[in-house]
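Below is one structure, written out as structure tokens; comments come after it.
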Amino acid sequence: MIDIQLVREEFPILANKIQLSSCSQSALHRDVKNNINKYIATWENDGMNWELWMEVCEKARMKFAKLINAKTSEIAIVSSVSHAISSIATSLKPKKDKTDFLVSKNDFPCIGHVALSQNNYNIKYADFNNDNLSSIINEKTLLVSVPHVSYYNGAISDLEAIVHHAKEKDSYVFVDAYQSAGQVDIDVKKLNIDFLATGMQKYLLGIPGIAFLYVKEELAETLSPKITGWFGQKNPFAFDGEVVDYAQGAKRFDSGTFPMINGFAADSALDIILEVGVKNIERYLEDLSQFTLDYCEKNNLEIVSPLEPTLKGSNTAIKVDNANFIEEELKKNNILVSARADVIRIAPHFYNTKDDIKFAIDAIKKLV
Ligand SMILES: Cc1ncc(COP(=O)(O)O)c(C=O)c1O
């Protein structure tokens, strides 16, 4: 059970604003701010403290592994999801009859940008929610990319079915979990996923600049990252630029110096999520989803998200003609929502209430 009153006190912004923008940026928790300040203090007072900075980033790596039921050795520290998919796309080696890189039409555009920038793949786009999986994933498919939850309308992908078809055709699966991590339970082992990446900015209560890449244990050492650097080596402090000696496991996908301050934010943000528990968050948000869907319907607002709460994440996307205008107007009234193309996304987290949502929808209704 989430004690909403206690929870809300930990997010100072909620005293003045309604923040419903977790699909873009979640609210700042006191502990995250304090940990960021700890980094600043060590920089200001000690000049530098490499040992502590590295230790905190390593702790964040370990906590992220726990979050998705992976081993710590299966996690790389990267800078963004764009970085993660670039690392994977440039490491795999398409063979003569296996060159297809299947991008989901639901994927965030960075996946398509990275795919189209490669010159050794045949890029195909698929609608995994409607296409026939056994015909789109075939012998030619080397890599399938799918978002766990859509950034646009919050739809949850049927990862079990997609992985099942991919494995039948000996294809790899990359899951972009940026819109699910922190709000929808992830178990990479149960799902048998090959690669998964997420940043910290959305439901994970952190900031951009750090992201995590899961690489399945059996795969990591078969791959030679092309996007690399000294932190991806067995011994970065050997200072030998005349050999490439990749680190063991997914650590070989680390590249340059860790994004230290972002690591401090991630370290405490992950503590909060692990303590509250993703399954509790998921249950709480399902209830808010049902309320949002019902209240939108009552107000005759057009929803482009799935109408069944268990098929969607927190985000409810409302179709509007003037999304950016509405986002700006609501901001003037201390309500934070997120516009994307033709929708306004209402994306609560475990610190939001039904009143927050009602207030936001009432305000939207006046502007459509
Ligand atoms: C699902 C998803 N993937 C990727 C991104 C972009 O990630 P990054 O900026 O870390 O490359 C976003 C950003 O909104 C997103 O929602």
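Values in this text are rule-based calculations from the coordinates and carry no lab data. From a predicted model like this one, the values you see are computed outputs, not experimental measurements. When we count neighbours, we look across all protein chains shown, and the Cβ atoms used for this are built from the backbone with ideal geometry, even at glycine.
The charge dipole of the chain, taken about its Cα centre with unit charges on the Cβ atoms of Lys, Arg (+1), Asp and Glu (-1) only, comes to about 360 debye. Identify all aspartates and glutamates with a Cα-Cα distance to LYS33 below 15 Å; exclude those on the same chain that are fewer than 8 residues away in sequence. The qualifying aspartates and glutamates are GLU9, GLU10, ASP267, ASP271.
Computed over the chain, relative contact order equals 23 percent, with contacts defined as Cα pairs under 8 Å that lie 6+ residues apart.
Excluding THR310 itself, what net charge comes from residues whose Cβ is under 10 Å from its Cβ, given Lys and Arg +1 and Asp and Glu -1? Value of the local net charge: -2. Of the trypsin sites (Lys or Arg not before Pro) found in the range 7-104, those in coil by DSSP whose Cβ has at most 11 other Cβ atoms within 10 Å are LYS96.
Separation of the range 340-368 from the range 198-276 is 35 Å, based on Cα centroids. Residues of the chain were split at every exposed loop site, defined as GluC sites (Glu not before Pro) in a DSSP loop with at most 14 other C-beta atoms within 10 angstrom, and the longest piece left, sites excluded, is 1-138. Which of rounded, prolate or oblate describes the range 5-68 when judged by the alpha-carbon gyration tensor and an a/c cut-off of 1.5? Judged from the Cα gyration tensor, the range 5-68 comes out oblate (a/c at least 1.5, b/c at or above a/b). Holding the Cα-Cα limit at 21 Å, pick out from LYS17/LYS319; LYS93/LYS189; LYS140/LYS167; LYS38/LYS66 the pairs that are longer than that. Exceeds cut-off: LYS17/LYS319; LYS93/LYS189; LYS38/LYS66. Here the Karplus relation 6.51 cos²θ - 1.76 cosθ + 1.60, evaluated at θ = phi - 60°, turns the backbone of the range 190-201 into coupling constants of 4, 7, 6, 7, 8, 9, 8, 9, 7, x, 10, 6 Hz, with x for every Gly and Pro. Residue-wise HN-Hα couplings along the range 25-38, as the Karplus relation 6.51 cos²θ - 1.76 cosθ + 1.60 with θ = phi - 60° gives them from phi, are 8, 7, 6, 7, 8, 3, 5, 5, 4, 4, 6, 4, 5, 5 Hz; Gly and Pro carry x. Looking at the square roots a ≥ b ≥ c of the eigenvalues of the Cα gyration tensor of the range 133-237, which shape do they give, rounded for a/c under 1.5, prolate if a/b is larger than b/c, or oblate? Oblate.
Shape class of the chain from the alpha-carbon gyration tensor: oblate, with a/c at 1.5 or above and b/c at least as large as a/b.
Across the range 41-52, coupling constants 3J(HN,Hα) worked out from phi with the 6.51/-1.76/1.60 Karplus curve, θ = phi - 60°, read 5, 5, 5, 5, 8, 9, x, 7, 8, 3, 4, 5 Hz, and Gly and Pro carry x. Summing charges over neighbours of SER22, with a neighbour being any other residue whose Cβ is under 11 Å away from its Cβ, gives +2 when K and R count +1 and D and E count -1.
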